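Let me begin by presenting the structure, written as structure tokens, before commenting on it.
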Amino acid sequence: MTSFSVSDEDRARLLIAAFEVVKRAYAPYSQFRVGAAVLTKKGNLFAGCNVENASYGLTICAERAAICAAVAAEGAAMEIHAIIVVNEQKVPCSPCGACRQVIFEFGADALVIFQGSEGFKDIPAAELLPDGFRL
Ligand code: THU
């Protein structure tokens with residue numbers, strides 16, 4: 001089933017949740033605070049922020065933090081309807097490659113909403129990550 005759109009109401013809920021959680025990001029190294037919110041196919045909303053570490057490679061991106069919260073609450077069957085990513089500076093920021101693969105795992109047809117150079121862009125996960133890995 002494809003779900004390449006969100007209602008205006010759900011888009012507003014996603015935006016509010018992501019901008020609320022971005023305030024709690026832990027980004028002392030990059031100072032780049034990111035917030036993400038996931039709307040599941042069940043209609044629930046989960047948020048996450050980036051959590052950095054002195055060992056830089058251990059950093060967890062906001063998108064993956066939000067997805068982990070969604071799985072922890074709904075379980076292994078959690079499916080993403082839409083995921084939004086925002087940053088405090090409001091500069092263009094698309095999900096990194098690792099996050100694209102994790103989003104793909106929970107919804108090849110998920111709508112990924114992120115800040116582009118001219119406002120928010122809505123792109124289906126499978127388009128952001130063609131031929132995503134499946135086991
Ligand atoms: N970051 C995210 O959380 N999500 C993205 O989509 C891009 C990058 C974080 C990782 C790191 O804490 C900071 O932004 C700078 O790369």
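The values are calculated or read from the model by the stated rules, or taken from the named source; none is laboratory data. Note that the structure is a prediction, hence the values are computed from the model and not measured. Don't worry about glycine lacking a Cβ; one is built from the backbone with ideal geometry, like all the others, and counts go over all protein chains shown. Keep in mind that these areas ignore ligands, DNA and RNA; they rest on the heavy atoms of the full protein, side chains included. Shrake-Rupley method; radii C 1.70, N 1.55, O 1.52, S 1.80 Å.
Of (1) at positive phi; (2) without any contact (Cβ under 8 Å) to a residue 12 or more places away in the chain; (3) within 16 Å of the ligand (Cβ to nearest atom), Gly57 satisfies all except one. Which?
Tallying (1) at positive phi; (2) without any contact (Cβ under 8 Å) to a residue 12 or more places away in the chain; (3) within 16 Å of the ligand (Cβ to nearest atom), Gly57 fails exactly one: (1).
I'd like the residue in segment 64-106 that is in a helix (DSSP H, G or I), open to solvent by 10 Å² or more (accessible area, probe 1.4 Å) and under 17 Å from Arg13 (Cβ atoms) and, out of all such residues, is nearest to the ligand (Cβ to nearest atom). Write out each step before concluding.
First, the residues of segment 64-106 that are in a helix (DSSP H, G or I): 64-74, 97-105.
Applying the additional criterion that residues be open to solvent by 10 Å² or more (accessible area, probe 1.4 Å) yields 64-65, 68-69, 71-74, 97-98, 100-102, 104-105.
Keeping just the survivors that are under 17 Å from Arg13 (Cβ atoms) gives 69, 73-74.
Working: Ala69: 14, Ala73: 20, Glu74: 22 Å.
Filtering segment 64-106 for residues that are in a helix (DSSP H, G or I), open to solvent by 10 Å² or more (accessible area, probe 1.4 Å) and under 17 Å from Arg13 (Cβ atoms), the one nearest to the ligand (Cβ to nearest atom) comes out as Ala69.
If you scan segment 26-49, which residues turn out to be part of a loop (DSSP other than H, G, I, E, B), touching a Cys at 6+ places or on another chain (Cβ under 8 Å) and either without any contact (Cβ under 8 Å) to a residue 24 or more places away in the chain or crowded, with 23+ Cβ neighbours inside 10 Å (or both)?
Matches in segment 26-49: none.
Please tell me if Ala125 is more than 19 Å from Arg13 (Cα to Cα), more than 11 Å from the ligand (Cβ to nearest atom) and crowded, with 22+ Cβ neighbours inside 10 Å. Step through it out loud before you land on a result.
Values: more than 19 Å from Arg13 (Cα to Cα): yes; more than 11 Å from the ligand (Cβ to nearest atom): yes; crowded, with 22+ Cβ neighbours inside 10 Å: yes.
Yes.
Assess whether Glu52 counts as being touching a residue at least 60 places away in the same chain (Cβ under 8 Å), within 14 Å of the ligand (Cβ to nearest atom) and of a type outside the set (Gly, Ala, Ser).
Taking the combined requirement at face value, the residue does not satisfy it.
Every residue in segment 80-135 that is of a type in the set (Gly, Ala, Ser), touching a residue at least 24 places away in the same chain (Cβ under 8 Å) and on the phi > 0 side of the Ramachandran plot, please.
If the condition is that a residue be of a type in the set (Gly, Ala, Ser), touching a residue at least 24 places away in the same chain (Cβ under 8 Å) and on the phi > 0 side of the Ramachandran plot, then Gly107 is the only one that fits.
Can you work out which of the residues in segment 1-25 that are in a loop (DSSP other than H, G, I, E, B) and among the aliphatic types (A, V, I, L, M) is modelled with the highest pLDDT?
Pass one, segment 1-25, residues in a loop (DSSP other than H, G, I, E, B): 1-7, 25.
Next, from what is left, pick out any that are among the aliphatic types (A, V, I, L, M): 1, 6, 25.
Details: Met1: 47, Val6: 95, Ala25: 98.
Top of the filtered list is Ala25.
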